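J.: Mind having a look at this structure? Questions to follow.
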Amino acid sequence: MLWRVKVTADSQEDLRRYLEGSGADLGCRPMAFREAEGISIVLIADRETLDRLSARRSAGRRLVRLEALGDPKARTALCGSRNRFLKGERPRGYGERVDS
Amino acid sequence: MIYYNYDEIHSALQLLAEAHPGLCTLQELPNRSHEGRPCLALAVGWNRGPEVPTLLAIGGVHAREWVPPDALVSILADILSAASGRHGLEYGGVVFTYEQIEAILEGLQIVVFPCVNPDGRVYSQTRDPMWRKNRRPEGTGVGQVCFGVDINRNFDIAWAFKRHFAPGAVSASDNPCDPQVYTGPSAASEPETQNVVWLLDHYRSTQWFVDFHSAIPGVLHAWGLDQTQSSDAAQTFLNPQYDGLRGRPDDSYREFLPADDQAEIERLSSLMAESATQVAGDEYGLGPAFALYATSGASDDYAYSRHFANPDKAKVFGFTVECGHEFQPDSDGRTQNIREICACLLTLAGEAVQAGRHDSRRRPVVAAEPLGSRTAV
């Protein structure tokens, strides 16, 4: 099981220390953002990572589970192995037609 | 089935090229992926070829980010449909008239490489949805084989992170078993990376580059190496005097970003973020790619770095656009993210055309390939 988790610390430096060696998945690029409470990042964590981060909590460090991502393997059902474009389907976009 | 598999992406580009021969050119990339898959890009515009001002858009660098390749196929279909049907396009509240789309196709070549990392996509869609890297096998020297290089840490920009950066300052790893950010055995070692480099080299008038990712909505721009400054041109990734110092926030080293470039990069980022936000109200942030950590070997920094490293190369404004909140959203989320990407890319294309009109230093448009017929798109 994986979770999306928001981790906050008082300073950028402390947030880096908090995450160091945690095994957290920081996503595509580690994007931190400044909030009233401090500096935060949203990351992906499994149970072990959550436990590690929970154990390191201290004053100024906060950890909030945003949502469970469920079983990622279930996502493979969103993909198929056949090629729809060999069966007559044509690529289409999602823009709405606008007549000038 | 919601998402395109890699065979479908490949077929979609072939079908679009066959259906619109006057307006696009299929470009086979010189390198197959590690597992031997062929790679295709599509160049779209009334004028096409290496000398034409070009916007290069790529997706699928990170395997688990399933939306961007689908979005790039979708925008190709939209643009070509709009041109042939002589109509405009709307994404949420963001409208592009037929005249605006025609102006883009007149003044710009858009080269789209939807799926940079085909092996990773296949693996992610069939075996491990959280897989991010490519599928290079690499022995560790103790009888173990680990798989995958993070293509977005493999480009030749401050790639040797242990030399260039302060210890612990950068999001990168030289451990082949790192599940996320292994940099690879050498700079631009990966065929998938080399294909992107080839596109930048081949379409040598590329001036804008966007790498689409997910899943925190935002537009990122130079630099990812460090915080920036515009007064000391000696503080650059090229200067070995600063090796070992880069990547720490709020210290004396900051990466040089000329003030004019900064203004233009921020302007374009802001317009892209506004456009994407307007589609469905999901707020796209913006800012330099350097945030919590520095990044080495990333595509956007590489694109922008090329003219610093070699003044013979064109200046390319590089961006990373991240869409949505999930790597693999459901059907509604996928559709929304696709529309956001399309609005974002067409906004940038429109601005690129405007910028080209006002830039007297721009090279003249020379059609290196046959011009298409306006009536046979």
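J.: Considering only residues of segment B:1-36 that are open to solvent by 50 Å² or more (accessible area, probe 1.4 Å) and more than 14 Å from chain A (Cβ to nearest Cβ), which is farthest from B:GLY120 (Cα to Cα)?
T.: The qualifying residue farthest from B:GLY120 (Cα to Cα) is B:PRO21.
J.: Hey, another quick one. If I ask for residues that are within 17 Å of the chain's Cα centre (by Cα) and open to solvent by 100 Å² or more (accessible area, probe 1.4 Å), which ones from segment A:54-100 would you list?
T.: A:ARG65, A:LYS73
J.: Can you tell which of A:ARG52, A:ARG4, A:ARG56 is modelled with pLDDT of 90 or more and within 10 Å of chain B (Cβ to nearest Cβ)? Lay out the reasoning, then the answer.
T.: Numbers: A:ARG52 fails: within 10 Å of chain B (Cβ to nearest Cβ); A:ARG56 fails: within 10 Å of chain B (Cβ to nearest Cβ).
After ruling out the rest, the residue left standing is A:ARG4.
Conditions tested, residue by residue: (1) at positive phi; (2) free of Cβ contacts under 8 Å to residues at least 60 places away in the same chain; (3) part of a helix (DSSP H, G or I); (4) open to solvent by 10 Å² or more (accessible area, probe 1.4 Å).
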residue: B:VAL61; (1), (2), (3), (4): no, no, no, no
residue: B:SER74; (1), (2), (3), (4): no, no, yes, no
residue: B:ALA82; (1), (2), (3), (4): no, yes, yes, no
residue: B:VAL95; (1), (2), (3), (4): no, yes, no, yes
residue: B:ALA103; (1), (2), (3), (4): no, no, yes, yes
residue: B:ARG121; (1), (2), (3), (4): no, no, yes, no
residue: B:MET130; (1), (2), (3), (4): no, no, no, yes
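J.: Now for a different question. Which residue out of B:PRO217, B:PRO249 is in contact with a helix residue (DSSP H, G or I) (Cβ under 6 Å, 6 or more places away or on another chain) and either under 24 Å from A:PRO30 (Cβ atoms) or of a type in the set (Asp, Glu) (or both)?
T.: So the residue among B:PRO217, B:PRO249 that is in contact with a helix residue (DSSP H, G or I) (Cβ under 6 Å, 6 or more places away or on another chain) and either under 24 Å from A:PRO30 (Cβ atoms) or of a type in the set (Asp, Glu) (or both) is B:PRO249.
J.: While we're here: Can you confirm whether B:PHE290 is under 21 Å from B:TRP66 (Cα atoms) and within 14 Å of chain A (Cβ to nearest Cβ)?
T.: no
J.: Given the criterion over 30 Å from B:THR126 (Cα atoms), at pLDDT below 90 and of a type in the set (Lys, Arg), identify the matching residue among A:ARG34, A:ARG62.
T.: None of the others qualify; the one that does is A:ARG34.
J.: From A:ARG29, A:ARG16, which residue is under 30 Å from B:ASP78 (Cβ atoms), within 8 Å of chain B (Cβ to nearest Cβ) and basic (Lys, Arg)?
T.: The unique qualifying residue is A:ARG29.
J.: Among the listed residues B:ASP243, B:ASP226, identify the single one that is at pLDDT 95 or above and more than 14 Å from chain A (Cβ to nearest Cβ).
T.: Result of the check over B:ASP243, B:ASP226: B:ASP243.
J.: Something else: Name the residue, out of B:ALA291, B:ALA273, that is touching a strand residue (DSSP E or B) at 6+ places or on another chain (Cβ under 6 Å), crowded, with 21+ Cβ neighbours inside 10 Å and over 18 Å from B:ALA158 (Cα atoms).
T.: B:ALA273
J.: Okay, moving on. Restricting to strands (runs of 3 or more DSSP E) lying wholly in segment B:136-226: which have 1 or more residues that are surrounded by 23 or more Cβ atoms within 10 Å (Cβ to Cβ)?
T.: In segment B:136-226, B:206-214, B:218-221 are the strands (runs of 3 or more DSSP E) which contain 1 or more residues that are surrounded by 23 or more Cβ atoms within 10 Å (Cβ to Cβ).
J.: Right, next: Out of (1) touching a Leu at 6+ places or on another chain (Cβ under 6 Å); (2) under 16 Å from B:ALA343 (Cα atoms); (3) away from chain A (no Cβ under 11 Å); (4) not hydrophobic (A, V, I, L, M, F, W, C), the odd one out for B:GLY45 is which?
T.: (2)
J.: Looking at (1) open to solvent by 10 Å² or more (accessible area, probe 1.4 Å); (2) part of a strand (DSSP E or B); (3) away from chain A (no Cβ under 12 Å), can you tell me which one B:GLU90 breaks?
T.: That leaves (3) as the condition not met.
The values are calculated or read from the model by the stated rules, or taken from the named source; none is laboratory data. Quantities reported herein were computed from a predicted structural model and do not represent experimental measurements. Note that each Cβ is placed from the backbone with ideal geometry, even for glycine, and that neighbours are counted across all protein chains shown. Each accessible area value is taken on the protein alone, full model and side chains, heavy atoms only, with ligands, DNA and RNA left out. Shrake-Rupley method; radii C 1.70, N 1.55, O 1.52, S 1.80 Å.
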